[in-house]
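**Student:** Below is one structure. I have some questions about it.
The values are calculated or read from the model by the stated rules, or taken from the named source; none is laboratory data. Fair warning: this is a prediction, and the values are worked out from it, not measured in the lab. Reconstructed Cβ throughout: ideal geometry from the backbone, glycine too, with neighbour counts over all protein chains shown.
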Amino acid sequence: MSLASSIAMERGGGGDGDTEASAYTGESTMYAQHATIFYAQQNGYLHTDVDTTPPQLQSAAGPTLTFRISGIVGLCITGILWIIVSWRLLYHYSGWWSKCCKKKEQQGQEILVEEDEEVVINHLRTDGFTMKRLLHIMLWITMIVQGVGYADMVGTDVSNKLNYTLLDIVGRGILEFTTFVIGTIHWFNVTSKARAGASEKKVMFTLLPLILVFATVAVTVCSIFEAVVLLAGHSEDIHEFRSTSKIHRITLIVESSGWGIHAVVVSICGGMVYKRISSLPTFSQVRSRAKRNIITKMIIPIFFCALSYALRSAWMAADFASRILRPDSTFESGLGWWIGNCWIPTIVPSMMLLYSIRKRDREPGMIDGVSETLLQRINAEPQDYDDPFQSFHTLIIEDENATIGSS
């Protein structure tokens, strides 16, 4: 006779009657299950019919990935991006470093430079800390922080305070948002200096970046509060913290709103750029191939960045709604969450911003492929170098010359 049957007979009164035994059926079964679990634990095995694991939240974003697999994928993505960003960072600083080395070599030598030529060179050259270099530095730091978080996730195969703080709070909540906002502000600065089709009010170029600054401050403050509450608390279970913490819900809705606002602002910036390009008088005369090249280089990065920001905003809003309406489920552990909220909104904007700011801030004479003849012509014929659409005008002229030559 099994242990469960013995306990059931004892609680039933040793068989005094079917009526009395049936009255204790539910209670006897409960005591039998508890006794079976205790007996199994004492003897080193578990009964296959009894589930002793604590209930887990159901994933509402597809199949659940193990933290080690998610960490490996994220570490590969972050590593590749870090290598690319490091290369571009060295590329942007190489001209400045080489110029500083040349200055040291020329110390003590007599160099005669006319004042007007020196003004032209200084106007063409950008020294020190620029918006492009700042964006590269911020993106480089972001990849390092996220790489450490993914490496810890691979090593521990759990979501703990360290990797959650590095990935979700500091990595994506503070550094990524701030870095991508810097890229958007750079686009606004470039667009505001373009004269072509400048029909928008100047207040828009101040108001929209200011909105992004306020959104950045709000996201950063909420992320810092969440990190403090998490690290100072006694809860070691990240799932429990996400489910019960009010600051986590507040951070979710604030970040969702911030990314949504960012997507709208980037879309407006893209509309301004397209309006300036299409309103140029000679744009209609350009061949369709040249038009596609122009649109691809200037509009496509803005378009994909806006889509990525909107995608992350939607996932965070869905996670916030799920925690309110269905507390027993979560979006933050499924495959869809990792792809739609973590990986794609990191990869796409990073690559698009690196592509859009690929040119260095320095004089044409120091750029590969630019001859001394071009530099002499620039000195002889002063131009307005503040116009970022100068390359667009040059492309149109070259296209027209090619058309005339072919005919």
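**Student:** Assuming H186 fulfils every condition listed in (1) at pLDDT 95 or above; (2) under 20 Å from L135 (Cα atoms) apart from one, which condition is it?
**Tutor:** Every listed condition holds for H186 apart from (1).
**Student:** Further, regarding this structure: Report every pair of residues separated by at least 6 positions or lying on different chains whose Cβ atoms are under 8 Å apart, first residue within the stretch 331-344 and over 17 Å from R68 (Cβ atoms), second of a type in the set (S, T, N, Q) and part of a helix (DSSP H, G or I).
**Tutor:** If the second residue must be of a type in the set (S, T, N, Q) and part of a helix (DSSP H, G or I), the pairs left are F331/S322; F331/N341; I344/S308.
**Student:** Let me ask something additional. Working only within the stretch 229-285, note down all residues that are β-branched (V, I, T), more than 18 Å from F331 (Cα to Cα) and surrounded by 13 or more Cβ atoms within 10 Å (Cβ to Cβ). Talk me through it step by step, then tell me what you get.
**Tutor:** Filtering the stretch 229-285 for residues β-branched (V, I, T) gives 229, 238, 244, 247, 250-251, 253-254, 261, 264-266, 268, 273, 277, 282.
From what is left, the residues that are more than 18 Å from F331 (Cα to Cα) are 229, 261, 264-266, 268, 273, 277, 282.
Those that are β-branched (V, I, T), more than 18 Å from F331 (Cα to Cα) and surrounded by 13 or more Cβ atoms within 10 Å (Cβ to Cβ): V229, I261, V264, V265, V266, I268, V273, I277.
**Student:** Search the stretch 144-177 for residues being among the charged types (D, E, K, R), assigned to a helix (DSSP H, G or I) and more than 19 Å from the chain's Cα centre (by Cα), and hand back the single one that is farthest from I224 (Cα to Cα). Working first, answer last.
**Tutor:** Our first condition is that a residue be among the charged types (D, E, K, R); within the stretch 144-177, this holds for 152, 157, 161, 168, 172, 176.
So of that shortlist, the ones also assigned to a helix (DSSP H, G or I) come out as 152, 161, 168, 172, 176.
When the remaining residues are screened for being more than 19 Å from the chain's Cα centre (by Cα), the result is 152, 161.
Values: D152: 21, K161: 14 Å.
The qualifying residue farthest from I224 (Cα to Cα) is D152.
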